[in-house]
1. Sorted by average packing, counted as other Cβ atoms within 10 angstrom per residue and highest first, what order do 123-136, 171-184, 55-68 take?
2. Based only on the alpha carbon positions, what is the Kirkwood hydrodynamic radius of region 98-235, in angstrom?
3. Can you give the charge dipole size of region 29-187 about its Cα centre, rounded to the nearest 20 debye, using +1 on the beta carbon of Lys and Arg and -1 on the beta carbon of Asp and Glu?
4. Give the relative contact order (percent, whole number) for the chain; include only Cα pairs under 8 Å separated by 6+ residues.
5. Total Lys pairs in the chain closer than 25 Å by alpha-carbon, pairs eight or more apart in sequence or interchain only?
6. Per residue, how big is the convex hull around the C-alpha atoms of region 1-140? Give it to me in cubic angstrom, could you?
7. Under a no-solvent Debye model with one identical scatterer per Cα of the chain, what's log10 I(q)/I(0) at q = 0.08, 0.12, 0.13, 0.15 Å⁻¹?
8. Kindly rank 146-153, 112-119 from highest to lowest mean number of other beta carbons found within 10 Å of each residue.
Amino acid sequence: MSAATMRIGVMGGTFDPIHLGHLRAAEEIYWAFELDRITFVPAARPPHKEEEFEASALHRYEMVSLATVYTPYFSVSPIELSRPGRSYSVETLREFRKLYGEESVIYFIMGVDAFLDIATWKEARELLALAQVIVTARPGWRLDEVERSMTSEHRQLLGNPRFEYVNISDITRETAKAHHEPRPVLLVEVVSLDISSSEIRQLVKEGRSIRYLVADTVAAYIGKNRLYHSGRKGQ
């Protein structure tokens, strides 16, 4: 398949650590939207979360690599690790657009909690123009909060986007490949596993099991490198 016809999902995040909730959401979106692959992009220096992540960018990249190694249509990109400065999603999407060509279809997958802050992101309106944005529900967050919490100022800043609610089970081949201009922001209901990275870090600090919350390969990596252990930062 040529790059010009590829359908690529891009899932960014700190992944501190990546867990089964991330993987399950990506899995559902991959099949529902008939994508060619989903690329996970660990943020090296996210502008809004610097104080929150505990494992280094390299450790987080390695954990994503281990979590996706057995899934042929999942990959991980070091694009934000190799780029100096802050990790801005709009710059990442521009690079993906150059890599796959203007005719490719790029889906930018993000959680509802992240999208609620998107008006503060660098060149947020351009980001919405570069990719088809998919917003997924997260534990403790509801998709119907998106439109309700968005002020008129934020709507104008984002170019007055249109929102479309989609249940993953209702997506057909025709709707998956439908193309609308301007692109609506898709609010997609997926199976939302009640797992959070902060909960996993806390369990590790308390010396408790994280099995069945993360991939076994990730759990082994955390243990081997003593990430998130009490009083120790993952460097």
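Taken together, the values in this text are just the output of simple stated rules run on the coordinates, not laboratory data. Since we're looking at a predicted model, the values are computed, not measured. Positions of Cβ are backbone-derived with ideal geometry, glycine not excepted, and every protein chain shown enters the neighbour counts.
1. Going by the mean number of other Cβ atoms within 10 Å, highest first, we get 55-68, 123-136, 171-184.
2. Averaging 1/r across every pair of different Cα atoms and inverting gives 17.6 Å.
3. 180
4. Relative contact order for the chain comes out at 26 percent.
5. Counting lysine pairs in the chain gives 8.
6. Cα convex hull per residue, to the nearest whole number: 108 Å³.
7. -0.29, -0.66, -0.78, -1.05
8. So the order, starting with the most tightly packed, is 112-119, 146-153.
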